[in-house]
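J.: Have a look at this one before I ask anything.
FYI, it's all coordinate maths here, none of it is from the lab. Please read these numbers as outputs of a predicted model, since none were measured by experiment. Note that each Cβ is placed from the backbone with ideal geometry, even for glycine, and that neighbours are counted across all protein chains shown.
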Amino acid sequence: MSEDLKSTASDQAYEQIRSQILTGRLEQGKRLTEQELARDLGLSRTPVRDAIKKLTHEGFITKGAGYSTHVAYFPEDELTQIFEIRRRLESYAARRAAEHATEAQSEQLQKLAMEMLRHIPPESSGDYQKIAALNEEFHRIIGEAARSPRLLAVVSMAIDISVVSRTYHQYTTDDLMRSAQHHKEIADAIAARSPQWAESVMSSHILAAATVARAQHRE
């Protein structure tokens, strides 16, 4: 198999397994085997093995004794810690963004927030994927606008992408609308050069996400 084909198959396996974890089709704690996943996905075991390695690194999958692997399970207290760390770091990033964002960054945040609102309620899986991509881009720009490489490094190290992604994919339409409205207000606060406003709304934004995560965890 050529390197390009191998990469394509590995990417396909990664996206499909990740999607099944995020949507709950592969439940927390479920034991995973390369053979079973390869059969279900219609792929060979090599790209599945590559996907499992990547998902393990990102925290979606955990390794047990021997060669056993399982879908990661997050205790509620760990969820609480993850979102509290995220709230403090991202609120500070929003505060700094209100002080240091360029006009171009501020305008882009406004565009992303409005585009997100236009796709709610989502009418297709494509709309949902678009909203998720817009959300990631929005938070990325705020991180860059904060003008703090040290803060970006701490955020990337401290925030568990698997928990954040899993929570976002469980949002109801009302949850999505509230999140999008938060984004619009954060963008407005940054445009207005109001650090305290931006920090406050970002804090509320993360607290709302934490509430959804805990409710879904209990279910």
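J.: Quick one: if the Förster radius is 35 Å, what FRET efficiency do ALA208 and ARG39 give, using the C-beta to C-beta distance and rounding to 0.05?
T.: After rounding, the FRET efficiency stands at 0.35.
J.: Taking Cα pairs under 8 Å and at least six residues apart, what relative contact order does the chain come out at, in percent?
T.: Reported as a whole number, the value is 26 percent.
J.: Okay, moving on. Can you tell me the dipole magnitude for the chain around its Cα centre, using point charges on the Cβ only (Lys, Arg +1; Asp, Glu -1), in Debye to the nearest 20? Could the numbers behind the result be given before it?
T.: On the way: 28 positive and 31 negative charges, 87 e Å.
Using Cβ point charges on Lys, Arg, Asp and Glu, the chain gives about 420 debye.
J.: A further question on this structure: Which residue, chosen from THR69, LEU117, ALA38, occupies the Cα position most advanced towards the positive end of the dipole of the chain, where the dipole is computed from +1 (Lys, Arg) and -1 (Asp, Glu) charges on Cβ about the Cα centre?
T.: Of the options given, the answer is THR69.
J.: Hey, another quick one. Quick check on the chain: helices-only [θ] at 222 nm, where DSSP H runs of length 4 and up contribute -39,500 (n - 2.57) each and the sum goes over total residues. Nearest 500, please.
T.: Mean residue ellipticity at 222 nm (helix-derived): -25000 deg cm²/dmol.
J.: If you don't mind, there's one more thing I want to ask. With 17 Å as the cut-off, how large is the P(r) tail for the stretch 86-141, expressed as percent of Cα-Cα pairs?
T.: So the pairs more than 17 Å apart make up 44 percent of the total in the stretch 86-141.
J.: Hey, another quick one. Please report the relative contact order for the stretch 7-127, taking Cα pairs under 8 Å with a sequence separation of at least 6, and give it as a percent rounded to a whole number. Show your work: numbers first, answer last.
T.: Details: 80 pairs, mean separation 27.0, N = 121.
Value for the stretch 7-127: 22 percent.
J.: Shifting gears a bit: How high is the relative contact order of the stretch 3-71? Use alpha-carbon pairs under 8 Å, at least six apart in sequence, and give a whole percent. Spell out each step's value before the answer.
T.: Details: 71 pairs, mean separation 27.7, N = 69.
Over the stretch 3-71, the number comes to 40 percent.
J.: Determine, for ARG86, ARG45, ARG150, ARG178, the number of other Cβ atoms within 10 Å of each Cβ, and report the residues in order from fewest to most.
T.: ARG150, ARG45, ARG178, ARG86
J.: Quick one: dipole size for the stretch 3-71, taken about the Cα centre, charges +1 on Lys/Arg Cβ and -1 on Asp/Glu Cβ, in debye to the nearest 20.
T.: Charge dipole of the stretch 3-71: 260 debye, to the nearest 20.
J.: Of all chymotrypsin sites (Phe, Trp or Tyr not before Pro) in the stretch 57-86, which ones are in loop regions per DSSP and have a Cβ with at most 14 other Cβ atoms within 10 Å?
T.: Loop-located and lightly packed - TYR67, TYR73.
J.: Once the Cα atoms of helix 173-191 and of the chain are each reduced to a long axis, what angle between those two axes, in degrees from 0 to 90 to the nearest 10, is obtained?
T.: Taking Cα atoms only, the helix is inclined about 50 degrees.
J.: Now for a separate question. Which value results for Rg/Rh of the stretch 3-71 when Rg is the Cα radius of gyration and Rh the Kirkwood radius based on the inverse mean 1/r?
T.: 0.94
J.: Taking 0.36 nm per residue of sequence separation and subtracting the Cα-Cα distance, how much length would be gained by fully extending the chain between TYR73 and ILE159, in nm to one decimal?
T.: Once the chain is fully extended between TYR73 and ILE159, it gains 29.4 nm.
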